[in-house]
């Protein structure tokens, strides 16, 4: 029995081989038990919590394939043995490849979780941004693979400095060629994160105005007041001043009215009270002030300020129309004449 255990095969005794087998089996079983324990523990936690983050952790652990455990067990079991260099490197490289692959899968699962959670927060009207969000997810996955490949090559002994430099130069060349597309892509990401506006908002961007219909990866489409569709690049939107009227809780309105110079002083004093009563009697208005402002070229001018308690433009126009009609009606009853441009010419005869 002792002669068998002392036999040497490829510079290793039978006892060393037996020990390597035992290390392999024990390590493999321990890793499987550890995985089962962790998964079971996380499942119990996930049942008591509302968050889905622990479910992602369970999914990542469950997706780890058998080759990963086999490779780790094999790598640890051959450490006591004296094996040819190519055999050790083969196992080492296999561990790097499989470990990197499993890591990339885990990160991709995490990216899918983040994208899924983000899409769940989007309202039905914002579903047009789903394509942009998914595109960002795909770009992130590609970047993960690029980083993984570089790390694998570095661990395999390759000089990745020149490769990274080459990628950098190539990346700059590509970026210069598609800088407008990249600008719109990052602008789309900025719009998604910062949310200066969303689908359904009425905005003014530069000289264009309208209701946002779709926010895409490269451009945003708005419907103008006349009904035509306006396509604006996302880069132009983020570089210009955008006025978002949908987020306006109330609208400040100021307008003027002029009466004839021959209007009696007592009637002039009544005008602020008349207009104040008219505005206060209309719903969704908040009266601010009325003042006899100045002496115009052909009229005595009053300035009126009030607030419309809604951001709806059509509703504001309905209210302003109602105010104007009531002013005309009351002024007519009070015999107050609204001024219009006039010019008096005096002639002298010699």
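The values are calculated or read from the model by the stated rules, or taken from the named source; none is laboratory data. Model, not experiment: these values are computed from the prediction. In this analysis, Cβ positions are derived from the backbone assuming ideal geometry, glycine residues included, and neighbour counts consider all displayed protein chains.
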message = What's the number of the only condition in (1) modelled with pLDDT under 95; (2) more than 12 Å from residue 205 (Cα to Cα) that residue 239 fails to meet?
response = (2)
ask   = Looking at segment 163-220, which of its residues are at pLDDT below 80, closer than 20 Å to residue 248 by Cβ and out of contact with any helix residue (DSSP H, G or I) (no Cβ under 9 Å at 6 or more places or on another chain)?
value = 195
task = Taking only segment 279-296 into account, find how many residues are over 20 Å from residue 328 (Cα atoms) and not in a loop (DSSP other than H, G, I, E, B).
result = 4
ask   = Is segment 63-74 home to any residue that is within 21 Å of residue 108 (Cα to Cα), in the same structural domain as residue 117 (by TED's automatic domain parsing), part of a helix (DSSP H, G or I) and under 33 Å from the mean Cα position of the chain (by Cα)?
value = no
request  = Give, as residue ranges, the strands (runs of 3 or more DSSP E) completely inside segment 191-276 that count at least 3 residues that are touching a strand residue (DSSP E or B) at 6+ places or on another chain (Cβ under 9 Å) and farther than 24 Å from residue 315 by Cα.
outcome  = 219-223, 229-233
inquiry  = Can you report the number of residues in segment 227-279 which are more than 17 Å from residue 320 (Cβ to Cβ), without any contact (Cβ under 8 Å) to a residue 24 or more places away in the chain and surrounded by 15 or more Cβ atoms within 10 Å (Cβ to Cβ)?
reply    = 1
